[in-house]
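The values are calculated or read from the model by the stated rules, or taken from the named source; none is laboratory data. Computed from a prediction, not measured in an experiment: that's the story for all the values here. Counting neighbours? That spans all protein chains shown, and the Cβs are built from the backbone with ideal geometry, glycine included.
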Amino acid sequence: MEEAPCILTRAFSLIAASELLGVRYGAEPDPSSVPEGETRRSYTQMEVEIARKLGKKLYVFLCPEDFLYDEESQAKSDEKRELQRAYWQQIRRFLHFRLFSFSIIARRASRLHNSFS
């Protein structure tokens, strides 16, 4: 997979990683390139998993299932919606914050940014 070296380089250089986790499944490598038995992952999901395995601080901003999204945020297919739902359930084990509004996201993200400035 050609993208892996870039993801690894970025992960090694991180002090911490953050993820805003909503309902949309992001860009991913060609699904046919994923080895049999492996779970498909978006690039963002891979970056977070690598950062976690490297012991980086991980801040996940989780939007609840009933969060009000614009229509553009919805996954484009049932398959991608299911992939994102499964990831959402899995990542809940590593939460630092659970978010319920954009104002909370903005305040917490700003505090997080300031703590590394």
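Of all residues in the stretch 12-38 being modelled with pLDDT of 90 or more and polar (S, T, N, Q), which is surrounded by the fewest Cβ atoms within 10 Å (Cβ to Cβ)?
Ser32
Tally up the residues in the stretch 39-55 that are surrounded by 16 or more Cβ atoms within 10 Å (Cβ to Cβ), more than 19 Å from Gln89 (Cβ to Cβ) and of a type in the set (Gly, Ala, Ser), please.
1
List pairs: first residue in the stretch 45-58 and closer than 16 Å to Arg85 by Cα, second residue at pLDDT 80 or above and hydroxyl-bearing (Ser, Thr, Tyr) anywhere in the structure, Cβ distance under 8 angstrom, at least six positions apart or on different chains.
Gln45/Tyr87
From Leu68, Leu99, Leu8, Leu58, which residue is within 25 Å of His113 (Cβ to Cβ), modelled with pLDDT under 75 and buried (at least 17 other Cβ atoms within 10 Å of the Cβ)?
Details: Leu68 fails: buried (at least 17 other Cβ atoms within 10 Å of the Cβ); Leu8 fails: buried (at least 17 other Cβ atoms within 10 Å of the Cβ); Leu58 fails: modelled with pLDDT under 75.
None of the other options fit; the residue is Leu99.
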